[in-house]
Amino acid sequence: MPAATRSIVIDTPPERLFDVIVDYDRYAEFLPEVKEARSRNRKGNEVDVDYGIDVVKRIHYTLHHVEERPRSVRWTFVKGELMRDNHGDWTLEATPDGKTRATYTIEVGVGPLVPRSIVNMLVDQSLPKLLEAFKKRAEAR
């Protein structure tokens, strides 16, 4: 399965970035490919999120998130179109100067009709844009 890991330093403490990451229902406000995101079934630090995204075509899927404030958010695949799997995590580490080193890891599995090269391209090109969008959102708060 295509996988990627990228890190970025964000000029905000981990708690503030964590708040942006877990504000799933607002993703469409600052992530261009996300057309809808709706959280549901919250139980403590676990929540399901239904996503509708535009990547080549609009697809819908559900991820189960486990939040460990303020250090990490992990997710696993529940169901979706074109995907067989989608799991990963955010890991947040405070830096000595009060910033956050955020590491994002994702692994995506798709059905046999989706060329692996398209998935690799989407992961490689979308990931830096995603990190920059979260950086901008967190630093603006």
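The values are calculated or read from the model by the stated rules, or taken from the named source; none is laboratory data. None of these values were measured; they are calculated from a predicted model. Every residue, glycine as well, gets a Cβ built from its backbone with ideal geometry; the counts of neighbours run over all protein chains shown.
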Cβ pairs under 9 Å, 6+ apart or interchain, first in region 66-93 and within 18 Å of LYS43 (Cβ to Cβ), second of a type in the set (Lys, Arg) and in a strand (DSSP E or B), ordered by first then second residue, are VAL66/ARG74; GLU67/ARG74; GLU68/ARG74
For this session: Answer yes or no as to whether LYS57 is more than 22 Å from THR91 (Cβ to Cβ) and modelled with pLDDT of 95 or more.
Result: no
Note on PRO32: of the conditions (1) on the phi > 0 side of the Ramachandran plot; (2) at pLDDT below 95, unmet is (1)
By my count, strands (runs of 3 or more DSSP E) wholly in region 16-111 with at least 1 residues that are of a type in the set (Lys, Arg) and surrounded by fewer than 16 Cβ atoms within 10 Å (Cβ to Cβ) are 34-43, 57-68, 72-80, 83-94, 100-110
When restricted to THR103, THR62, THR95, THR91, the only residue over 22 Å from ARG141 (Cβ atoms) and out of contact with any helix residue (DSSP H, G or I) (no Cβ under 6 Å at 6 or more places or on another chain) is THR62
